[in-house]
Amino acid sequence: MATDVSTSDVQFHLRTVGAVIIIVASAILFATLTSAIGRSLLASAGVSLMDPEPGPRALLDALQFIGFGIAVATFLQFRDEWDLIRWRRPTLRDLGWIAAGLFGLLAVLYVLSTVVSLLGVSTAESQITAAGRENPAYLLYLIPVTVLLVGTTEELIFRGIVQGTFSRAYGPVVGVLGASIVFSSIHLPSLLGSGSGQLATLAIIFTLGGLLGVLYEVTDNILVPIMVHGLYNAVQFGLQYATQTGLV
C-alpha cells in the first residue's frame, strides 16, 4: 500500500538522520566528560584553570578529542557498523593524494580568504587563534595534538561515520554535502566575531570539509583525509606561531 511505502520511507530517513545525531551528540558528550575529568585532575594537582599554561591547555584540548575517539568506538561497537569506515594500508598513490590534498586545502583557503577580504568581510577568529595570540607557545603544543588526535577523530566522525551514513542512504554527493554541513556547523560555537564574519568562516570550513570528503570518496581510504586534515592544521598552527613571534 502507498501508506506503507510512505511510512517506510519516513522511517528510513529518520534512522539515517538519527544515526548522525547520535554520533555528533555522543562526541560532544564524551568530549565534555573527558575535559571535565581533565580539569578536575589538573585542579587537584594545583594547576590554575583560570589562565592555564600552554601545556595544560593543550592537554585539555587533547582530552576533548580523546572523548571524540571514545564516541567513535562506542558508536561503531554498539551499532556494529565498523564497515562504515573504509580504510587500508596507504599506497604510493594515497601518499600522492595526501600531498595533493594538503596543498589543495591550503590553496583553497588562500583563495577563499582573499575573496572574502575583497568583499570587505573579516573572517571570524577561532578561540584557538585567540589563545595562540596571547601565548604563541600554545600553538606549538597543538601541533602533535592535531596530527595525532584532531585529524584522526574528526575525520572518523565526519567523513567516516557521518559521510558514510549519508552516502550509504543517499549516495556520495549527498554524503559529502551533508557531512560538510554538519562539520562546519559544529565549529560555530568556537568562532568569535560578527555574524557576517562567522558566516564567511563557516562557508570556508564547509568548502574545506567538502574537499576532505571528496578525497575520502576518491581514495576510499579514511587515512588519506585523516593525514591531510592533521597536517593542514599543523601547518596553520606553525604559520600562526611564526607570525606571532615575528619569524615571518
_Could you check the range 66-88 and list, in sequence order, the residues that are charged (D, E, K, R) and assigned to a helix (DSSP H, G or I)?_
ARG79, ASP83
*asked:* Here is a check on your reading of the model: is SER185 among the polar types (S, T, N, Q), free of Cβ contacts under 8 Å to residues at least 40 places away in the same chain and surrounded by fewer than 20 Cβ atoms within 10 Å (Cβ to Cβ)?
replied: yes
*Checklist (1) in contact (Cβ under 8 Å) with a residue 12 or more places away in the chain; (2) part of a helix (DSSP H, G or I) applied to LEU95, failing item*: (1)
*When residues of the range 11-42 are limited to those that are polar (S, T, N, Q) and under 18 Å from the mean Cα position of the chain (by Cα), the one nearest to ALA71 (Cα to Cα)*: SER26
_Tabulated pairs, the range 152-169, first free of Cβ contacts under 8 Å to residues at least 60 places away in the same chain, second crowded, with 24+ Cβ neighbours inside 10 Å, C-beta under 7 angstrom, 6+ apart or interchain_ = PHE158/ALA179; PHE158/PHE183; PHE158/GLY209; GLN163/ALA179; GLN163/GLY213; GLN163/TYR216
*What is the residue count in the range 41-53 for residues that are surrounded by 18 or more Cβ atoms within 10 Å (Cβ to Cβ) and either in contact (Cβ under 8 Å) with a residue 40 or more places away in the chain or not in a helix (DSSP H, G or I) (or both)?*
1
*Does the range 216-233 contain any residue that is surrounded by fewer than 24 Cβ atoms within 10 Å (Cβ to Cβ), among the charged types (D, E, K, R) and within 26 Å of LEU29 (Cα to Cα)?*
no
*Looking at LEU112, is it in a helix (DSSP H, G or I), touching a Ser or Thr at 6+ places or on another chain (Cβ under 8 Å), more than 13 Å from LEU212 (Cα to Cα) and modelled with pLDDT of 95 or more?*
yes
*Is it the case that some residue within the range 232-242 is β-branched (Val, Ile, Thr) and farther than 24 Å from ALA71 by Cα?*
yes
*Output the number of the condition that PHE206 fails; it satisfies all remaining conditions of (1) more than 14 Å from the chain's Cα centre (by Cα); (2) surrounded by fewer than 20 Cβ atoms within 10 Å (Cβ to Cβ); (3) farther than 20 Å from PRO136 by Cβ; (4) not acidic (Asp, Glu).*
(1)
*Collect the residues in the range 236-248 that are part of a helix (DSSP H, G or I) and surrounded by fewer than 15 Cβ atoms within 10 Å (Cβ to Cβ), keeping them in residue-number order.*
LEU239, ALA242, THR243
_Residue within the range 55-65 that is more than 25 Å from ALA234 (Cβ to Cβ) and either part of a helix (DSSP H, G or I) or in contact (Cβ under 8 Å) with a residue 60 or more places away in the chain (or both) present_ = no
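To keep it simple, each residue is scored yes or no on (1) under 13 Å from the mean Cα position of the chain (by Cα); (2) at pLDDT 95 or above.
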position	(1), (2)
LEU149	yes, yes
ILE157	yes, yes
GLY160	yes, yes
VAL176	no, yes
SER190	yes, no
GLY197	no, no
VAL218	no, yes
MET227	yes, yes
*Taking the range 125-166 as the search range and keeping residues that are buried (at least 22 other Cβ atoms within 10 Å of the Cβ) and among the small types (Gly, Ala, Ser), which one is nearest to ASN233 (Cα to Cα)?*
GLY151
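The values are calculated or read from the model by the stated rules, or taken from the named source; none is laboratory data. Only a predicted model underlies this, so the values are computations on that prediction, with no experimental measurement involved. Cβ sites come from the backbone with ideal geometry, for glycine too, and all protein chains shown count toward neighbours.
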